[in-house]
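Engineer: Sharing a structure, written as structure tokens. Questions coming.
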Amino acid sequence: MDNPQPIPFNRAEFGDREEAYALEALRSGKTSGDGPFGKRAEALLAEELGAPRVLLTTSCTHALEMTALLLDLEPGDEVIVPSFTFVSTVNAFVLRGARPVFVDVREDTLNLNEELLEDAITDRTRAIYVVHYAGVACDMDRITAVASARGIPVIEDNAHGVFASYRGRPLGTFGAVATLSFHETKNYTCGEGGALILNDASMVERAEIIREKGTNRSRFLRGQVDKYTWVDVGSSYILSDTLAGVLLAQLERREEIRQRRAAIWERYHAGLRLWARAGGALLPTVPEECGQGYHLFYVLMPTATERNDALDSLRAQGISATFHYLPLHLSDVGRRFGYIDGDLPVTESVSERLLRLPFYNGLTEADQGRVIAAVERL
């Protein structure tokens, strides 16, 4: 019997509409940013989220960098952030000279532990960055209450949670600003892309300037000024209209994509529930108040050794499972800020034990059945 085809960890999937929109953009000659497809995608997101303004960006990383500029972060400032996140979340403000204050995560959702938030705040705290891990919301009631009482803005890194919700309200609409990702690995993708969600209308004009290399070009294009010039700091953060066309097609198919991913997530959860219970592994927790984004599926193995053995076993069978974030506070850069082993015990334990399973829109039932059977044999 021939060896079965390898199962990738992720594979982007595009259809006829994505190809048609990309081709239309190419043929139009309008392929730079802020074009017709970009405007349509921004309008769709703003309407779905109920946000005053959405700006497409070249990546979620760049959207995060824009938040640091909007907040005027500078050396000496502190930003509270989970260590269990991608480096872009922290790089955004470290680039401005601000210092990360890492906070441990909850054992159930792997989100920032809201019970530790108040103790992390000092008179130098300028922002709280939250990450909705796996598209499952943080406890935004407690987080926003603490932040509001101290007058500290909340920034949502919602790279995992596009169209997810908390108590029926879309993620990305709780903070002053939020960011989205449309990277190849995300639910809705154009290869590389992101968005800045502006929930504070007073930030919109400056955000447009920052995104346009620090110029007031957006006002010029709307006929509000007769020429444009350099008026603030900024960079080139606008998504090309060719990629915006691909993204728009994905967003227009959002319900179809969401249903596919929900079915994959539920199949994993149902198929592995008994195995996990018998072996002491943990499956994802989704609190009742969270409408999740179905971004990924993970298993928390009992020990680091069992996780590593599982990775080796699955890969030997052609199944591309993987780990996730290494704790940022224990990275080379994190240690320069004075962090040491043991500072964030939950983060450190979770990182060693987490096993991510293949998860993408086109994952077939047959391939997913292979993954589940292989996990059950661990």
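Engineer: What are the extents of the Cα atoms of the range 109-160 along their three principal axes, in Å, largest first?
Structural biologist: Rounded to whole Å, the extents work out to 31, 19, 15 Å.
Engineer: Follow-up. Can you give the calculated 222 nm mean residue ellipticity of the chain, where each DSSP H run of n ≥ 4 adds -39,500 (n - 2.57) and the sum is split over every residue, rounded to the nearest 500 deg cm²/dmol?
Structural biologist: Working: 14 runs with 151 residues, N = 378.
Calculated at 222 nm, the ellipticity per residue is -12000 deg cm²/dmol.
Engineer: Then there is this: Please arrange 88, 202, 349, 236 by how many other C-beta atoms lie within 10 Å of their C-beta, fewest to most.
Structural biologist: Sorted ascending by nearby Cβ count, the order is 202, 236, 349, 88.
Engineer: Now for a separate question. In whole Å, what three semi-axes, largest first, describe the equivalent ellipsoid of the chain built from its Cα gyration tensor (square root of 5 times each eigenvalue)? Can you show the working numbers first?
Structural biologist: Values: eigenvalues 236, 153, 58 Å².
Gyration-tensor ellipsoid for the chain: 34, 28, 17 Å.
Engineer: I've got another one for you. Considering the options 54, 20, 44, tell which one lies farthest towards the positive end of the dipole of the range 8-94, charges being +1 on Lys and Arg and -1 on Asp and Glu at the Cβ, about the Cα centre.
Structural biologist: Ranked along the dipole, the leading option is 20.
Engineer: To continue, here is another question. Against the globular-protein guess of 2.2 N^0.38 Å, express the Cα radius of gyration of the range 45-160 as a ratio, rounded to two decimals. Spell out each step's value before the answer.
Structural biologist: Working: Rg = 13.6 Å, N = 116, 2.2 N^0.38 = 13.4 Å.
Here the Cα radius of gyration is 1.02 times the empirical estimate.
Engineer: Starting from the Cα gyration tensor of the range 1-97, take the square roots of the eigenvalues, sort them a ≥ b ≥ c, and report rounded, prolate or oblate (rounded when a/c is under 1.5, otherwise prolate if a/b is larger than b/c, else oblate).
Structural biologist: Taking the square roots of the gyration eigenvalues as a ≥ b ≥ c, the range 1-97 is oblate.
Engineer: Sorted by average packing, counted as other Cβ atoms within 10 angstrom per residue and highest first, what order do 335-344, 154-163 take? Don't skip to the answer; put the middle values down first.
Structural biologist: Values: 335-344: 13.2, 154-163: 26.9.
Highest to lowest by the protection proxy: 154-163, 335-344.
Engineer: Taking the Cα-to-Cβ direction at residue 116 and at residue 87 and moving 7 Å from each Cα, how far apart do the two end points lie in nm?
Structural biologist: With each label placed 7 Å out from Cα toward Cβ, I get 2.2 nm.
Engineer: What ranking, highest mean first, results for peptides 252-265, 44-57 when packing means the other Cβ atoms within 10 Å averaged over each residue?
Structural biologist: 44-57, 252-265
Engineer: State to the nearest 20 debye the size of the charge dipole of the chain about its Cα centre, where the only charges are +1 on K and R beta carbons and -1 on D and E beta carbons.
Structural biologist: My answer is approximately 680 debye.
Engineer: Expressed in whole Å with the largest first, what are the equivalent ellipsoid semi-axes of the range 13-57 derived from the C-alpha gyration tensor as the square root of 5 times each eigenvalue? Before the final figure, lay out the partial values.
Structural biologist: On the way: eigenvalues 94, 38, 10 Å².
Listed largest to smallest, the semi-axes of the range 13-57 are 22, 14, 7 Å.
Engineer: Under 17 Å Cα to Cα from residue 186, which aspartates and glutamates show up? Leave out anything in the same chain fewer than 8 places away.
Structural biologist: In chain and number order, the partners are 13, 18, 156, 157, 252, 255, 256.
Laboratory data are not the source of any read-out in this text; all were calculated from the coordinates shown. Please read these numbers as outputs of a predicted model, since none were measured by experiment. Every residue, glycine among them, receives a Cβ derived from its backbone with ideal geometry; neighbour counts consider all protein chains shown.
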